[in-house]
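The values are calculated or read from the model by the stated rules, or taken from the named source; none is laboratory data. Just so you know, these numbers come straight off a predicted model, no measurement behind them. FYI the Cβ positions are ideal-geometry reconstructions off the backbone, even for glycines, and counts take in every protein chain you see. Quick note on the areas: whole protein, heavy atoms, side chains included, nothing else; ligands and nucleic acids left out. Shrake-Rupley method; radii C 1.70, N 1.55, O 1.52, S 1.80 Å.
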Amino acid sequence: QTALVTLSTLAGQFANGSPTLFADIVPVITGKGGIAHPNPAVAASALVCFAMFVRELGPRVVPNMPKFMPTIIDIMQATFKGMGLW
């Protein structure tokens, strides 16, 4: 979780200056060590981190959409079900 928070902070400060370097990290954040992690706290931290990357990198994250969107949709559905909204 600390690594994800650190990556988020770094992206906010430096991604505009080195977008390729940060774009290369997106698969790690969207993989099993990030958004797809079985621990909900780690997955939540990865979602926050990923949001910062999307904000800073914009269209550079589009090539990774097929990898992360199914997981994000699953998380959203589980959240809505848990809240009784689905």
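Relative to the longest principal axis of the chain, what angle (0 to 90°, nearest 10) does the C-alpha long axis of helix 2-14 take?
50
With a 1.4 Å probe and every protein chain kept in, tell me what percent of the accessible surface of the chain is carbon plus sulfur.
66
Calculated from the structure, log10 I(q)/I(0) by the Debye sum over Cα atoms at q = 0.14, 0.15, 0.25 Å⁻¹ equals which of (i) -0.52, -0.58, -1.11; (ii) -0.46, -0.52, -1.22; (iii) -0.61, -0.66, -1.19?
(ii)
Consider a paramagnetic label point 7 Å from the Cα of Thr79 along Cα→Cβ; state which residues of segment 21-57 have an amide N under 14 Å from it.
Residues 35-36, 40-52 fall inside that zone.
Just to be sure I understand the model, the point goes 7 Å from the Cα along the line to the Cβ. What's the resulting Met65 to Val48 distance in nm?
Reported label-point gap for Met65 and Val48 is 2.7 nm.
Treating only the Cβ of Lys, Arg, Asp and Glu as charged (+1, +1, -1, -1), what charge dipole size does segment 5-86 show about its Cα centre? Round to the nearest 20 debye. Don't skip to the answer; put the middle values down first.
Numbers: 5 positive and 3 negative charges, 21 e Å.
So the dipole magnitude of segment 5-86 works out to roughly 100 debye.
For the chain, calculate the relative contact order in percent as a whole number, restricting contacts to Cα pairs under 8 Å that are 6 or more residues apart. It would help to have the intermediate numbers written out before the result.
Details: 77 pairs, mean separation 28.1, N = 86.
Once normalised by length, the contact order is 33 percent.
Name the residues whose placed amide hydrogens come within less than 5 Å of the amide hydrogen of Gly31, ignoring near sequence neighbours (fewer than 5 apart) on the same chain.
Answer set, sorted by chain and number: Ala36.
To the nearest 500 deg cm²/dmol, what mean residue ellipticity at 222 nm is calculated for the chain from DSSP H runs of n ≥ 4 alone, each contributing -39,500 (n - 2.57), summed and divided by the residues?
About -21000 deg cm²/dmol.
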